[in-house]
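Okay, structure first, notes after.
The values are calculated or read from the model by the stated rules, or taken from the named source; none is laboratory data. Since the structure is predicted, the reported quantities are computational estimates derived from the model, not experimental observations. With ideal geometry, Cβ positions are generated from the backbone for all residues, glycine too; neighbour counts draw on all protein chains shown. Ligands, DNA and RNA are excluded from the accessible area calculation, which covers all protein heavy atoms including side chains. Shrake-Rupley method; radii C 1.70, N 1.55, O 1.52, S 1.80 Å.
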Amino acid sequence: MKRRIFTSMVAGMSLAAGLMGTSAMAQDNMRIALVVKALGIGFFEAAAEGAEEAAAELGNVEVIYTGPTDTTAEGQIEVINSLIAQGVDAIAISANDPDAVAPALKRAMQRGITVISWDSGVNEEGRMMHLNPSSTALIGNTILKLAADHMPDGGQVAILSASATATNQNAWIAAAEEVLPNYPGIDLVATVYGDDLSDKSYREAQGLMASYPDLKAIIAPTTVGILASCQAVSDAGKIGEINVTGLGLPSEMAGCVASGATESFAIWNPIDLGYSATMIAHALASGAVAEPGAEISTGRMGSVTLDDTNSAAMSDPFTYDASNIDQFKDIF
Ligand code: RAM
C-alpha cells in the first residue's frame, strides 16, 4: 500500500516535471491563435495553411487554429476566454459580430495579449488593428457587377449572405447597395442569411427560388453560401435560368463553373490572407505599434499601412470563370 502511494507520487512528480518542461518549451514559442468564424469552412482552412507557412518562416511560432462549431459570437467568446486562460501571445480573429466579441477581446488585451481582426472585423475598441482582404467598396461593386454582366436585360437578383451579424458580409452588402443605382434594370428583391452552414444556405436558396420565380441571379458573398446555392439551383434544374455568383473558392466551385450554374465568381487568395494576418500578429506581439500611418511588415506579401481606424487592406479580388479556373482549383 505504502509502496503504491510512493509509486504514484513519483509518477505524479514526473508528470508535473513533464508538464513544467512542456510549459517552459511553450514559453519559447510565440503562440498565435487564429480564431475563425467556425471550424469546417474551406476558406478558413486555406487561411490556416497560410498561417502555418508564416509560422514556419518566422520560426518559434506556434499557430493555434480554433473556432466554434457554428458561426456565433457566443461560440467565439467561449473560445476567446479559453485562449485568455491558456495565456496565448496573440489572437487573430475573423469575427461573427463586431460588437459582441469586443468585451472578451478587451479583456485579452488587458492581460497583455495582442489582438487583431482579419477578414471579418471587430470594432475599434476590441482590437489593435484590422486586416481587410480588399477594399470594401471594391468588393461591394464586384459582387453586383458579376451578376449584372450576365443580365443584359436586367431583372431580379437576391443576396444569400452568411450570418446576419457578420461584419464583412454586412459591409460588402451595404457597399453593393450603395452602387445599385449604377446598375439600372437590376432589381435587388431580397437578402437572406444561411449562417455559413451548408444545409441552411441550401434551404434559403430554395426559399428564394420559390418566392421569386423570375429570379435571374443569386449573389452569395460567402464561400459556403455560393456553393450551397449552386447545388440548390442545379438540383432544381434551373441552370441557365439563375446564375449563381459572389465569392467562392476555385477548388469548391470548379464543378459549378463546369455545369454552367456559375458563369463567374471572385475571391482573393485566402492563403495569403492567413499568412499576412499571422505576420501582423507576430509583428505587434514583438513590439510593433499599431497606429494610424504605421507600416507593418507582412513578409513575402510586402507591408500594409494603417488608416485612421487602424485598418488596412490586402489585395484586389480576382475573377474566375471557365477560362482560368483550372489553373487555380488545386491551390485554394
Ligand atoms: C466565407 C466566410 C468568410 C468570407 C468568405 C468570402 O468563407 O464568411 O468570412 O470572407 O466566405
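Table for the structure above
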{"read-out": "Residue that is nearest to the ligand (Cβ to nearest atom), among those in segment 33-84 that are among the hydroxyl-bearing types (S, T, Y) and farther than 23 Å from S297 by Cα", "value": "T71"}
{"read-out": "Residue match in segment 254-266 (condition: open to solvent by less than 10 Å² (accessible area, probe 1.4 Å) and within 13 Å of the ligand (Cβ to nearest atom))", "value": "yes"}
{"read-out": "Segment 194-213, subset away from the ligand (no atom under 16 Å from the Cβ) and not in a helix (DSSP H, G or I), residue surrounded by the fewest Cβ atoms within 10 Å (Cβ to Cβ)", "value": "P213"}
{"read-out": "Every residue from segment 298-331 that is open to solvent by 70 Å² or more (accessible area, probe 1.4 Å) and hydroxyl-bearing (S, T, Y)", "value": "T305, S323"}
{"read-out": "Among (1) farther than 20 Å from A48 by Cβ; (2) within 15 Å of the ligand (Cβ to nearest atom); (3) charged (D, E, K, R) - the single one E177 does not satisfy", "value": "(2)"}
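Table: residues versus (1) assigned by TED's automatic domain parsing to the domain that holds V257; (2) within 16 Å of the ligand (Cβ to nearest atom); (3) in contact (Cβ under 8 Å) with a residue 40 or more places away in the chain.
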position	(1), (2), (3)
E124	no, no, yes
T142	yes, yes, yes
N168	yes, yes, yes
W172	yes, yes, yes
P181	yes, no, no
L215	yes, no, yes
A232	yes, no, no
